[in-house]
1. Starting from the Cα coordinates of the stretch 117-256, work out the convex hull volume and express it per residue in Å³.
2. How many angstrom lie between the C-alpha centres of the stretch 68-91 and the stretch 45-60?
3. Could you pull out every residue, at least 5 positions away or on a different chain, whose amide H is within less than 5 Å of the one on Ser137? Hs are placed 1.01 Å off N in the peptide plane, and Pro or chain starts have none.
4. List the equivalent ellipsoid semi-axes of the stretch 207-290 in whole Å, largest first, each obtained as the square root of 5λ for an eigenvalue λ of the Cα gyration tensor.
5. Structure shown: which of Lys130/Lys225; Lys240/Lys391; Lys337/Lys376; Lys360/Lys395; Lys359/Lys440 lie over 26 Å apart, alpha-carbon to alpha-carbon?
6. Counting other beta carbons within 10 Å of each residue's own, what order do Met246, Met336 fall into, fewest first?
7. When ranked by the protection proxy of mean other Cβ atoms within 10 Å per residue, highest first, what sequence do the peptides 116-125, 102-111 form?
8. Hey, how many Å between the Cα centroid of the stretch 235-252 and the Cα centroid of the stretch 122-170?
Amino acid sequence: MSNVTQTEIPLYIKVHAADNVAIIVNESGLAAGTVFADGLVLSEHVPQGHKVSLIDFAPGQDIIRYGEVIGQARQSIQRGSWIDESLVDLPQAPELDELPLANNVPATLPPLTGYTFEGYRNADGTAGIKNILGISSSVQCVASVLDYAVKRIKAELLPRFPNVDDVVALNHSYGCGVAINAPEAVVPIRTLKNLATHPNLGGEVMIVGLGCEKLLPERLLPDDKRENILVIQEQPGFQKIIAAVMNMAEERLERLNQRQRVTCPVADLVVGLQCGGSDAFSGVTANPAVGYAADLLVRAGATVLFSEVTEVRDAIHLLTPRAKNEEVGRALVREMKWYDHYLDLGEVDRSANPTPGNKKGGLANIVEKALGSIAKSGSSAIVEVLRPGEKPTQKGLIFAATPASDFVCGTEQLASGIHLQVFTTGRGTPYGLAMAPVIKVASHSELAAQWSDLIDVNAGTIATGEATIESVGQEIFQLILDVASGRRQTWADQWGLHNDLCLFNPAPIT
């Protein structure tokens, strides 16, 4: 495509030479009778981001996008027609036991040297990019008390400690009324324990418990230091409870306030990737640009996590060949099988994703969504697979298994230690995380213009030819380093838009 605005000529995007559909670029869609440069004529109005048929389809014929089958035509479809989700039958998911493993491992790209960020060095050797006091709760029962205390701490104590960025309550809905010893209870417990030791919290652990909960506060400690636990049932009344929380917080604020930023190698960074409110542009603009930035990060020695099992499952056949060895490939298959079983228990299948908004944005089904979603992973070899809430042991590109829910994925990636998250969106969402900055990348220019004070990067210029995947990817890479260094602030952080933590709990609630 040439460097033109959308209103001058009709534009569509065909991703792969084998594709027999394309998506409309123009802001208001295009009317019936519109003629493209290649002679294609629209037989009806096609909305922006939605698919137009490039051939005449027979019933049952494969519909191809990204060079992959996204479904079969439910009926005859004339060339130039709008193909919405009602015309696409969902294909079979890839057979997990027949996938190729580690047979197309990408070559290691040349190292990227000379890049650093200004972070906070932690006692355990890790680095943080924020200087936050995090106060964990062991059970939801104490959430209101902790919220009250944090409000007082921010108003009365925090102004005395200018080097501390924030005080955050790590509240959640777990801790009691649950099958604490069920096998899958390891997921929420591991998540909470790893959240308490997040690198942006500076090693200052502080846990507030009730006293009768199933999840004993001691299980969240990284060590045996019980002085880091406050049990409110042991306190004589509400005011004494609040005073005790504030006294504990003050001690930790004093230590955190002494910390200063120092130059750190990019290898110290852990960056999470996620998408939410995706549309048909996500897989051709925002996600590939993030994938390019992910490759740059890996080349610079960083750790990059991509997630969302249901938005990977239908493209898993493109990922297992990229595993660095068969062990990693089998781990990818393991997580797909686990989630297939989890969905079966709930008597649902992968068709429960996508959302109505995804479909309004042009995505027909989960297959099309998954093929666009994995573009965030770039082109590097996958070096490790994490179960939900696990911390990495390797550097490089890692698949961290999580649900696709924005809030749950964000919480689990935080538990895996991400310093910040890059979040792509086509429909728009004010989503944010209190413990880690979230960089928002818009998939099309209309969203970036509409939400100019919520979107950090506009990848929509790729669709109109005003920018390239590489140039926007380089912009994202540089923004990651600037945000990590405290030189720039994301819009979500500027407005204080922070979603609640939302644990993934596949174990029974009693």
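Rule-based calculations on the coordinates, nothing more; no lab input. Here the structure is a predicted model, which is why all the values come from computation and not from measurement. A quick note on method: Cβ atoms are made from the backbone with ideal geometry, for glycine too, and the neighbour counts reach across all protein chains shown.
1. Values: hull volume 15.4 nm³, N = 140.
It comes to 110 Å³ per residue, whole-number rounded.
2. Result: 7 Å between the Cα centres.
3. Residues meeting the criterion, in which the H sits 1.01 Å from N, are Leu170, Val208.
4. Numbers: eigenvalues 319, 90, 38 Å².
Output for the stretch 207-290: semi-axes of 40, 21, 14 Å.
5. Details: Lys130/Lys225 24 Å; Lys240/Lys391 37 Å; Lys337/Lys376 22 Å; Lys360/Lys395 38 Å; Lys359/Lys440 21 Å.
The pairs that break the limit, which is 26 Å between Cα atoms, are Lys240/Lys391; Lys360/Lys395.
6. Details: Met246 16, Met336 23.
Going from least to most buried by this count: Met246, Met336.
7. Values: 116-125: 16.4, 102-111: 12.3.
My ranking of the peptides, most packed first, is 116-125, 102-111.
8. 13
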